Structure formats: C-alpha cells, structure tokens
Amino acid sequence: MIIVSCTKTVEYPITSDQRKPVVYAFINQNEIFVNLFWSRLVTDSINGANIDNASIILFESGDFIGNLNNIGDGQYKFEHLQINENSEYRIVVSIPNYGNVEAKTTMPENIETEFSFGVEDNSTDIIINQKFIDPANKSNYYYTNIKTIIYFSNNVIDTTIILNFNSPMYQNLYGGNGSIFHDRMIDGQNFNCRININQYGFKIRDRENDTTYYCDSALIIPQLHAINYYTYQFYSDIYTQDYNNSNLFSEPYLVHSNIENAYGIFGAYSQQTDTLVYLVEF
C-alpha cells in the first residue's frame, strides 16, 4: 500500500481597493443614526478603520431634508426630525476617493402599544404585557426588548433582560439583544406580546460573603418596535449567521444588505416604549 501526499501553494493577491464601506444606518420617528467604517479583509487582524470624512445627505420621497453631522468615531447623526410613516427615505454617502454610496428604506406604520405589568399568584415571575392591534392584510414585522434599571441601597445596575420566547413565532437574538417576530400567525389580531421576567433577577448573590442583596425597586423599560422588512431580514440573517458559527460544517451565510456600492443596512423602525416602576417585595 502506497500513500502519496502533495500540496500546492496558490498565491491570491488581496489589494486594498477591494475594501468597501460598511454602512449601519437606522432611522426612527425623530432621528437618523449612521455608523460608517471600512470593511475587514480576511488578512486583517483588526476591524476596518472608521470613516469620518464623508458627507451624508438625507432625502424624503426625493426631496432634500438635510446633512448629517459627524460626531466622531465614524458616527453621524441628524436629530429632531419629523419622520412620516410609510414614506421613503434615501441617504447618499459621499466618500473621498471612493464615490457615492446610496440606500433607500421605508418608514413603517407607528403601532400604538399599551404597556402594563403584574405578578401572578404563586409565581416568581413578573408579567410584562405589550398589547397592540396588528394592521390586517399586510406583512408587519416587530422587535421587542426590555431594559431594567435596578436600585440597590449602594448600587445601581443597568441591564438588558435576555429574552427566551418558547414559540416558533419569535427569533431570540443573541447577547440579550431582544427578539424579532412577524405577523403571519397574528394578522389583524389584537395581540399581547407577553414577556415573563423571573423575580429573582432583582437580587444579587455575594457568594464570597454568603450574602444575598435584594433590590429596593426597579424601573422596567419595555420596548416594542414596528420594523420594516429590511430591518427584519437583516436581524434574522445575523441570528442565522451567529447560530451557524457554532457549527464547523455549516456553509457561509450572507447577511442581507440594501446598500448600493457598499455593505450594510439602512433600516427603519417606529418605537413604542414605557417606563414601569416596580417596587420589589420578597
């Protein structure tokens, strides 16, 4: 039995002109935020550099709205806007020695939401209710998240609740970044996006001193966003890509992009939020 092995080295030139800008742009009811940086090549050991010398112009239905302001670290903002639902918005990003980058998105309909909370009998769970009416006969997409500010006698903890919906309707985003869902199962219904929070998340265990510290009170800040298709598909792809990272045999997964001549996303969302005061009783 003879075993033969051979290798061949193939040189593949990677030049700097293969880099493209990456645009993370999101617009809501009253502001637009853009994060702009260069893409990362497979040979890079660090992320691409921020782009702070670009000009970004915002248009609504073809009409000029204004220029975004650079606030450093590749970030651009335009605040105190009056953004109209169902309107189309376009950004034009001009980068020296590169050219123009463009993207369009549509602002989703604002969904009025009623927030409330309560504690069920014989349970350690806090129930967060987010009730809204889903617009019928059209595709709607949503994002939900809950932040808490927990007050202890000598400490304040600002955190995000890790959501874990046990339902095929939801995709739970990694890193405690909320969940996304669509309305295929609830089209036109009066729906309650109900979230359970375990009450024991409002205490701290000091194992070194064998002591448990209970918080005095907490602010619970639920958020429900109506998001457009681009935003939903982008976060859905990130979820799938992150999930595939744990599988060595998974195929490469491309993340959805609606940016012309670059990478990234121009998404839109209409946010509903409230602050609920919870006085903890143990």
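The values are calculated or read from the model by the stated rules, or taken from the named source; none is laboratory data. The structure displayed is predicted, hence computed values, not measured ones. Neighbour counts are summed over all protein chains in view; Cβ atoms, including those assigned to glycine, are modelled from backbone coordinates with ideal geometry.
If you go through segment 38-65 and pick out every residue that is within 19 Å of E102 (Cβ to Cβ) and either touching a strand residue (DSSP E or B) at 6+ places or on another chain (Cβ under 6 Å) or part of a loop (DSSP other than H, G, I, E, B) (or both), you end up with 13.
If you check I204 against the conditions, is it surrounded by 19 or more Cβ atoms within 10 Å (Cβ to Cβ), touching a residue at least 24 places away in the same chain (Cβ under 8 Å) and among the aliphatic types (A, V, I, L, M)? No.
In segment 115-191, counting only strands (runs of 3 or more DSSP E) that sit wholly within it, the ones holding 3 or more residues that are at pLDDT 75 or above and hydroxyl-bearing (S, T, Y) span 141-151.
Being under 26 Å from E260 (Cβ atoms), among the hydrophobic types (A, V, I, L, M, F, W, C) and out of contact with any Ser or Thr (no Cβ under 8 Å at 6 or more places or on another chain) is the requirement here; does I65 meet it? Judged against the criteria, I65 is a match. Residues that are over 23 Å from N258 (Cα atoms) and not in a strand (DSSP E or B) are absent from segment 87-102.
Consider segment 87-123 and keep the residues that are touching a residue at least 24 places away in the same chain (Cβ under 8 Å) and acidic (D, E). The one that is surrounded by the most Cβ atoms within 10 Å (Cβ to Cβ) is E102. Checking each residue in segment 226-255 for being of a type in the set (S, T, N, Q) and touching a strand residue (DSSP E or B) at 6+ places or on another chain (Cβ under 7 Å) picks out N228, T231, S236. Are any of the residues in segment 192-201 in contact with a Lys or Arg (Cβ under 9 Å, 6 or more places away or on another chain) and part of a strand (DSSP E or B)? Yes, some residue in segment 192-201 is in contact with a Lys or Arg (Cβ under 9 Å, 6 or more places away or on another chain) and part of a strand (DSSP E or B).
A search for C-beta distances below 7 Å between a residue of segment 124-152 that is on the phi > 0 side of the Ramachandran plot and any residue that is loosely packed, with under 15 Cβ neighbours inside 10 Å, counting only pairs 6+ apart in sequence or on different chains, returns N137/G188. Of everything in segment 75-86 that is within 20 Å of the chain's Cα centre (by Cα) and assigned to a loop (DSSP other than H, G, I, E, B), the residue that is nearest to A226 (Cα to Cα) is E85.
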